[in-house]
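Enquirer: Take a look at the following structure, please.
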Amino acid sequence: MSTHDAARGFDSLAVHAGQAFDPTTGAVIPPVHLSTTYAQDGIGGLRGGYEYGRSGNPTRTALETQIAALEGGARALSFASGLAAEDALLRAALVPGDEVLLGNDVYGGTYRLLARVLGPWGVKLRVVDMSDLDAVAAAIEERSPRMVWVETPSNPMLRITDIEGLARLGHAAGAIVVVDNTFASPALQRPIALGADVVVHSATKYLGGHSDVVGGALAFADADLAEKTQFLQFAAGAVSGPFDAYLTTRGIKTLCIRMERHSANAQAVAEHLAGHDRVAKVYYPGLPTHPGHALAASQMSAFGGIVSLELADGATARRFAESTRLFTLAESLGGVESLVNYPDAMTHASVRGTELAVPDTIVRLSVGIESADDLVADVDRALAAL
């Protein structure tokens, strides 16, 4: 029995899935396979199915095995970036004329990909508040989409969607239900178990966890859709490199304990900001005042590391984002270090003027694993400077 076969709990799978020791040397950490090509035992006689680095790589396979195990999927695929993963999935699952029903609070790059890249190809797009299942049901009744796409918790307003309820609505209409699980990670939420067909990750964020690798991943409930998507990945070449796959695998091994600290620190920061007289509103599903708190508590094991706050006006929000010290002003999220982001001009600038536009009063905090007291003191100092 391999260590993977013996692993059952999430933490054990994170450490052992796809990570069998090297049979030749006994090395506990599997080697990083850098080869671009593989010797064949006669023409077409492939060892382990490997022939060329674009079609497959053992280090990438190990990561895909790890992600599939953690998400409870039939298969997983690893990509060069989150958007590369999204692009391959969308082109594998859709044809011109198909429609995507998209949440109204998603990463700006996802909207840009659908509206400006796949839109001219003929993919249609409608937007709805996914946290309102009645609105979703009405939109589906009006016209059945081919795909329903949601982020929960959403970026950056932290809206919570009932994944199980959404899956029922989508499947009744014959739609593929896709959940972007980047904010929660499989350590906190497993959408396939709740009925999702595909789970999307920017592996750059919590999966990698150290702000040192760009990557993306898909986990599939259905092996057939995975195979179609893998063909697109092979044909277009949007694969993760072996060292990127290794770094992501290494990050995932500590995912559970990192998410525990991210969530605890975010809770402390959110509770502190919720009582601050210079903060108009705090968006964090761990607060009992959050409209999605009870739902989040039912489908997540903790509330994650992202806190968004609303300040008096856009100018004040900008000043705050530029005044923190421990929170670094930067794009991205999910690393061990804390980051502050001004979505209107940074991550979501591409959706300005659309129905997905983020209010200019919003600041997003990616709460890291530093001392919670230091993080609270940092936001206090920035607020005092306003």
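The values are calculated or read from the model by the stated rules, or taken from the named source; none is laboratory data. Everything numeric here is computed off the predicted structure, so don't read it as measured data. As a convention, Cβ positions derive from the backbone with ideal geometry for all residues, glycine included, and neighbour counts pool all protein chains shown. Just the protein is used for accessible areas: all its heavy atoms, side chains included, with ligands, DNA and RNA removed. Shrake-Rupley method; radii C 1.70, N 1.55, O 1.52, S 1.80 Å.
Enquirer: Antiparallel DSSP bridges in the chain: what percent, to the nearest 5?
Expert: Here the antiparallel bridges make up roughly 55 percent for the chain.
Enquirer: Within the range 166-233, what percent of beta bridges assigned by DSSP are antiparallel, to the nearest 5?
Expert: 60 percent
Enquirer: Looking at the range 148-267 only, what percent of DSSP beta bridges run antiparallel? Nearest 5 please.
Expert: 40 percent
Enquirer: Something else now. For the chain, report the accessible area per residue in Å² (1.4 Å probe, heavy atoms, rounded to an integer).
Expert: Per residue, the chain has an accessible area of 40 Å².
Enquirer: Taking the square root of 5 times each eigenvalue of the Cα gyration tensor, what semi-axes in Å does the equivalent ellipsoid of the range 30-186 have, largest first?
Expert: They are 35, 18, 14 Å, listed largest first.
Enquirer: Let me ask something else. Need the C-alpha centroid separation for the range 253-292 versus the range 315-338, integer Å.
Expert: Distance between centres, Cα-based: 16 Å.
Enquirer: Still on this structure: Run the reach check for Lys253 against lysines, Cα to Cα strictly under 20 Å, same-chain hits fewer than 8 apart removed. What comes back?
Expert: Leaving aside lysines fewer than 8 places away in the same chain, those within reach of Lys253 are Lys205.
Enquirer: Using the basic label-point model (7 angstrom from Cα toward the beta carbon), what is the Glu227 to Glu331 distance in nanometres?
Expert: 3.7 nm
Enquirer: Run the accessible area of the chain with a 1.4 Å probe and give the carbon-and-sulfur part as a rounded percent.
Expert: 53 percent
Enquirer: How large is the Kirkwood hydrodynamic radius of the range 239-356, in angstrom, based on all distinct alpha carbon pairs?
Expert: When all Cα pairs of the range 239-356 are included, the Kirkwood radius is 16.2 Å.
Enquirer: Sort largest first and round to whole Å: the equivalent ellipsoid semi-axes of the range 178-292, each the square root of five times a Cα gyration tensor eigenvalue.
Expert: Ellipsoid half-lengths, sorted descending, are 32, 18, 12 Å.
Enquirer: Report which label in (i) 20.9, 73; (ii) 33.1, 114; (iii) 22.3, 77 holds the value of Rg and Dmax of the Cα atoms in Å derived from the coordinates of this structure.
Expert: Here the calculated entry is (i).
Enquirer: I've got another one for you. Return an integer: the convex hull volume of the alpha-carbon atoms of the range 114-266, in Å³ per residue.
Expert: In the range 114-266, the Cα hull volume divided by residue count equals 133 Å³.
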